[in-house]
Amino acid sequence: MCAVESSWSPGEIPPDLIERLKNCQKPLILTHIYPDGDALGSAVGMHRALQQLGAHPRTILTHPVPEKLLFIDHDNLAEVLSESSDLQPESLVAEADLIIVVDTSAPERLGLLESAVSASEVPRVCIDHHLEGSLDYFASVWCEPASPATGNLVFELISALGLQHDKNTAETLFVSLATDTGWSRHSNAGFQAWKYAAEMVSLGVDPEPIYNRIFQSFSHERTRSLGDLLSKSVLCQGGKVLYSVFTEEIRSQHRVNMEDLDGFVDSLGQVKGTEIVFLVVEVGPERFKVSLRSRGDYSVHGVAAQFGGGGHAKAAGCRLNGSEEDVIRQLLAACESLLEGDFDPAAQVDETPR
Ligand code: AMP
Ligand code: MN
Ligand code: MN
């Protein structure tokens, strides 16, 4: 067990980050590609806070957010690059006086916005909780890898900016926390996560309808395709590794889309004795997206990083190209090395972001 995961308490917010947030007029708020609940929640929470300070922020997402999460953007503040031809990365960046990146510190995770952001002289700041990223890319970074979500860092920032919390933003940031901790089931949900959740509930957040919206509103097609995925799962390496492949064939047969796959890897992790589970999703010809989860003491971050991905100790991801067999073979070999201790043990518990 990585001790930092359950003993995290908020570190010091860099004072110059607060100053930059207080002084900006036209901030551009960005997050990682294929935004999840924490990405959207953190971006929208930050957007509202800066509006309250009198600024005119814009929040730009590279891809749409899963429909079931849209309710947390109560006023439709976020704009989606891929949905509007009027949005040009270069002009969005040129209009900004500060670029705020939330829920990633890796420039390549900015997707289509990366080149415009990298080419610009506009100062960049980052608020994040991932293990990998580029410190030098930002003028100021507040990264807490042991934080359960970025959303609770934004919750802290709202107070540090001298603003009051309100019910809508508490709900938005509650969803950040709830989605990144799998409704407080994952090991990153230590004391701090429960404490923030309690504070948010005291601000008026009602957890039950949120749970129903996010975790109990799936289509029947999704449930049937999950059945296929589970029945095709393979248990190996002495019962310590379990994986399954979500092929294009299963997807088109059941007519589910990519966002329906959210949570599938957690369903795979219900088998007694498994240490590592991974889900391989075919995203194109010989192209695969991989989700890795650790249920015990092993950090799957190193496995993802080996293939150019990243994430956290207990939840990480990467992309691999090649035949399905080859991709599985490579992943299983990396898992075997991890289980046999061939990975540097220091790296297993090193939660520092770089
Ligand atoms: P997922 O399995 O997609 O839910 O991702 C689990 C964690 O790994 C999240 O924190 C992601 O940000 C991270 N992650 C997933 N894919 C990648 C990738 N290709 N590169 C870096 N981090 C990733
Ligand atoms: Mn995220
Ligand atoms: Mn996150």
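The values are calculated or read from the model by the stated rules, or taken from the named source; none is laboratory data. In this text the structure is predicted, and so the values were computed from the model without any measurement. Ideal geometry is used to build each Cβ from the backbone, glycine not excepted, and the neighbour counts take in all protein chains shown.
Values as computed for the structure displayed
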quantity: Which listed residue is closer than 19 Å to ASP36 by Cβ and among the small types (Gly, Ala, Ser), from GLY269, GLY296, GLY284; calculated: GLY269
quantity: Check on LEU113, away from ligand 3 (no atom under 16 Å from the Cβ) and in contact with a His (Cβ under 6 Å, 6 or more places away or on another chain); calculated: no
quantity: Pair list, Cβ < 9 Å and 6+ apart or interchain, from segment 312-324 residues that are more than 21 Å from SER187 (Cα to Cα) and in contact (Cβ under 8 Å) with a residue 24 or more places away in the chain to residues that are away from ligand 3 (no atom under 13 Å from the Cβ) and among the acidic types (Asp, Glu); calculated: LEU320/ASP326; ASN321/GLU286; GLY322/GLU286; SER323/GLU286; GLU324/GLU282; GLU324/GLU286
quantity: Those residues of segment 280-320 which are within 16 Å of ligand 3 (Cβ to nearest atom) and under 19 Å from PRO107 (Cα atoms), in sequence order; calculated: HIS301, ALA304, GLY309, GLY310, GLY311, HIS312, ALA316, GLY317
quantity: Those residues of segment 172-213 which are more than 22 Å from GLU144 (Cβ to Cβ) and among the charged types (D, E, K, R), in sequence order; calculated: ASP206, GLU208, ARG213
quantity: Exclusive hit being free of Cβ contacts under 8 Å to residues at least 60 places away in the same chain and among the β-branched types (Val, Ile, Thr), set THR274, THR247; calculated: THR274
quantity: Hits in segment 188-215 (condition: of a type in the set (Ser, Thr, Tyr) and surrounded by 20 or more Cβ atoms within 10 Å (Cβ to Cβ)); calculated: TYR196
quantity: Search result, residues across segment 18-34 that are within 16 Å of ligand 2 (Cβ to nearest atom) and either free of Cβ contacts under 8 Å to residues at least 40 places away in the same chain or hydroxyl-bearing (Ser, Thr, Tyr) (or both); calculated: THR31, TYR34
quantity: Criterion violated by ASP342 - all others in (1) crowded, with 18+ Cβ neighbours inside 10 Å; (2) at pLDDT below 90 satisfied; calculated: (1)
quantity: Every residue from segment 1-32 that is within 16 Å of ligand 3 (Cβ to nearest atom), assigned to a loop (DSSP other than H, G, I, E, B) and either polar (S, T, N, Q) or modelled with pLDDT under 95 (or both); calculated: TRP8, PRO10, THR31
quantity: Residue within segment 44-67 that is over 20 Å from ASP128 (Cα atoms), at pLDDT below 95 and within 16 Å of ligand 2 (Cβ to nearest atom) present; calculated: yes
quantity: Any hit, segment 255-278, residues being assigned to a helix (DSSP H, G or I) and aromatic (Phe, Trp, Tyr); calculated: yes
quantity: Conditions (1) over 20 Å from the mean Cα position of the chain (by Cα); (2) in a helix (DSSP H, G or I); number of the one not met by GLY45; calculated: (1)
quantity: Any hit, segment 117-132, residues being among the small types (Gly, Ala, Ser) and touching a residue at least 60 places away in the same chain (Cβ under 8 Å); calculated: no
quantity: Residue match in segment 73-80 (condition: under 23 Å from the mean Cα position of the chain (by Cα), more than 16 Å from ligand 3 (Cβ to nearest atom) and at positive phi); calculated: yes
quantity: Residue in segment 104-118 that is away from ligand 2 (no atom under 14 Å from the Cβ) and within 27 Å of THR181 (Cα to Cα) present; calculated: yes
